[in-house]
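Reviewing the structure listed below.
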Amino acid sequence: MSTDDWKRQAAEQALEYVEDGMKLGLGTGSTAAKFVELLGGKVRSGLKVVCVPTSEATRSQAAALGIPLTTLDDTPELDLTVDGADEIDEELRLIKGGGGALLREKIVAVASDRVVIIADNSKRVDVLGKFPLPLEVVPFGIRASERLIAKLAEDSGCEGDIKLRIGTDGKPFVTDNGNLILDCAFGSIDDPEALDDALKLVPGLVETGLFLGVADVGIIVGPKGVEVLSEIDIDFDEDV
Ligand code: 5RP
């Protein structure tokens, strides 16, 4: 079995949470894309849902599959969001933003009753931080923001290279919201809550890729099968 198969299994398992009539948030990234693909199949078979995508990429994919779309302006409360993650720890704390969609992902997740995270087991960590933490920042004064981020992170016990994300075209990566991403290679983040609180003091920082207290369920698939981390009751068979 490949990583791709594990991602697909996690996506299949997440479909168990979807019920007719639900308002859904659709995540971004290769794992979330598998869920969107499977959801498209269910919609073709008659499932009625309306969905808010967390990126323009997901919007295009969902629209091409004929999945009915809405916006948070028209539908500000969602039943369920299914999304991927770059890292997930035992307490369902996440690093997200590898795909650059962290701001919309967090807005959509927080507007949802339930958040299910799907991932292959390479994303499972004991301590967050091996994956460089993405921060969405406004372009104005980015060097000043970067200096302040480095200082506040150091005060919270985190040091490491902070790099402006560059896109495949060789230019700074621009998010769907017109902002930039700083990727912070902090290594171990021993106190994610303290770091998150500290970083939010930076005026030019829009949002961090730390998703703390956001996820309700983590469905992680690897060579040993399915692992479900949950803050809520699970009502389906955990064996795939
Ligand atoms: C995008 C994200 C993604 O969920 C994260 O990067 C995981 O992506 P993938 O499923 O491709 O590994 O946070 O901003």
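The values are calculated or read from the model by the stated rules, or taken from the named source; none is laboratory data. These numbers were taken from a predicted model, which means no experiment stands behind them. Cβ sites come from the backbone with ideal geometry, for glycine too, and all protein chains shown count toward neighbours. Areas reflect the complete protein model, heavy atoms only, side chains present, ligands, DNA and RNA absent. Shrake-Rupley method; radii C 1.70, N 1.55, O 1.52, S 1.80 Å.
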- Task: Taking 7 Å along the Cα-to-C-beta vector as the label spot, tell me the Glu154-Asp4 distance in nanometres, rounded to one decimal.
- Result: 4.5
- Note on the structure: Contour minus Cα-Cα span, Arg147 to Asp113, at 0.36 nm per residue, comes to 8.6 nm
- Where does the range 133-208 land on Rg/Rh, using Cα atoms and the Kirkwood Rh? 0.96
- Message: Just to confirm a number: summing +1 for Lys and Arg and -1 for Asp and Glu over residues other than Arg114 whose beta-carbon lies under 9 angstrom from that of Arg114, what do you get?
- Response: -3
- Message: What do you get for chymotrypsin sites (Phe, Trp or Tyr not before Pro) in the range 131-240 restricted to DSSP loop and a cutoff of at most 13 other Cβ within 10 Å of the site's Cβ?
- Response: Phe140, Phe236
- Item | Residue-normalised accessible area of the chain, expressed per residue, 1.4 Å probe, Å² | 46
- Task: Kindly sort Arg124, Arg114, Arg143, Arg44 by accessible area of their heavy atoms, largest first, with the probe set to 1.4 Å.
- Result: Arg44, Arg143, Arg114, Arg124
- Note on the structure: With R₀ set to 41 angstrom, the calculated FRET efficiency between the beta-carbons of Phe173 and Lys48, to the nearest 0.05, is 0.70
- Query: Any idea how far apart Lys200 and Leu212 come out in nm if each label point goes 7 Å out from Cα toward Cβ?
  - Reply: 0.8
- Query: Tally Lys and Arg at +1 and Asp and Glu at -1 over the other residues with C-beta under 15 Å from the C-beta of Leu47: what net charge comes out?
  - Reply: -2
- Task: With the full set of protein chains in place, find how many percent of the accessible area of the chain is carbon and sulfur; take the probe as 1.4 Å.
- Result: 48
- Taking just the C-alpha trace of the range 68-142, give me its Rg and Dmax in Å. 13.9, 39
- Query: Once you list every other residue whose beta carbon is under 13 Å from the beta carbon of Glu77, what net charge do they have if Lys and Arg are +1 and Asp and Glu are -1?
  - Reply: -2
- Message: With Kirkwood's inverse mean 1/r over C-alpha pairs for Rh, give me the Rg to Rh ratio of the chain, two decimals please.
- Response: 0.97
- Query: Mean projection of the alpha-carbon convex hull of the range 25-152 over all orientations, in nm²?
  - Reply: 9.1
- Once you have the Cα-Cα distance between Thr71 and Asp126, take 0.36 nm times their residue separation minus that, and quote the gain in nm to one decimal. 16.3 nm
- Message: Shape verdict for the range 169-225, please, from the Cα gyration tensor: rounded (a/c under 1.5), prolate (a/b greater than b/c) or oblate.
- Response: oblate
- Per-residue SASA entry for Lys42, accessible area with 1.4 Å probe, Å² rounded to 10: 100
